[in-house]
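Below is one structure, written out as structure tokens; the observations come after it.
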Amino acid sequence: MLYADMPTALENRNSYVLDNPHQLLIPKSVAFVQTLSQELQLKTGYHLYVAVVDSVPMEDVSLESLQDSTLQITQKQRRLAYKNMLLQNLPKPYTLIVFMKEDEKIDIVSSEPKKYFDEEKVYYEYMVPLLPKQKDEVLTPQLISAIVLNGYAQAADMIAHHFDVSLENNMPVDESGEREFVRFSMYAMLLVMFGIIGVIYLTRKR
């Protein structure tokens, strides 16, 4: 056990923000998550949670050695143990969006992946595009909240669509990431098409 005596983050069973010790998810965002998740649960029975931490808690973690390779493995173990701790006793079906600032990790964990919505689509098209493009850009609480809420709101919409219900309290999401993805795909297809035409032209010319 990596977290033998660690206090649970689920003391308030009615909260859909399971962890936010450094207030990286700003108060208005916390209120939004609480309101929308309650509506989603009421209409569909689905539980959508969020956890945002500066770094994975270090308590009760035993390191086997101080070698770099061991430290890397141990950090993965920390993240896994932390997520497992959050997932304990969550009612199913559920999804948990975890943002770990210092680890530079975002995880979307569902009790039944791909069944109710596409987790990878939410991650790559609605969260990753909002991440800082430059290393010197600062991940402020406002930016972190925007990233988390954009993915969270899209996940909520997809889950609601699966159950054929509408959410009155949801917000429009930033689809710039998706538009960039579609635009890139179109350019790629055009390049392939022109390449094929070029090959045909050269072949006929011979």
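The values are calculated or read from the model by the stated rules, or taken from the named source; none is laboratory data. Model, not experiment: these values are computed from the prediction. Reconstructed Cβ throughout: ideal geometry from the backbone, glycine too, with neighbour counts over all protein chains shown. Just so you know, the surface numbers come from the protein's heavy atoms only, side chains and all, with ligands and any DNA or RNA stripped out. Shrake-Rupley method; radii C 1.70, N 1.55, O 1.52, S 1.80 Å.
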Practice task
Mind running the shape call on region 69-150? Use the C-alpha gyration tensor, a ≥ b ≥ c as the square roots of the eigenvalues: rounded below 1.5 for a/c, prolate if a/b tops b/c, oblate otherwise.
Solution key: oblate
Problem - Heavy atoms of Thr44: accessible area, 1.4 Å probe, square angstrom to 10 - result: 20
Exercise for the section: Pairs to check: Lys28/Lys114; Lys43/Lys114; Lys83/Lys115; Lys115/Lys135. Give those whose C-alpha atoms are more than 26 Å from each other in this structure. Expected result: Lys28/Lys114; Lys115/Lys135
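Find, among the trypsin sites (Lys or Arg not before Pro) in region 114-161, those assigned to loop by DSSP (not H, G, I, E, B) with at most 14 other beta-carbon atoms within 10 angstrom.
Loop-located and lightly packed - Lys114, Lys115, Lys133, Lys135.
Show me the chymotrypsin sites (Phe, Trp or Tyr not before Pro) within region 100-135 that DSSP assigns to loop and that have at most 12 other Cβ atoms within 10 Å of their Cβ.
Within region 100-135, no chymotrypsin sites (Phe, Trp or Tyr not before Pro) qualify (loop, at most 12 other Cβ atoms within 10 Å).
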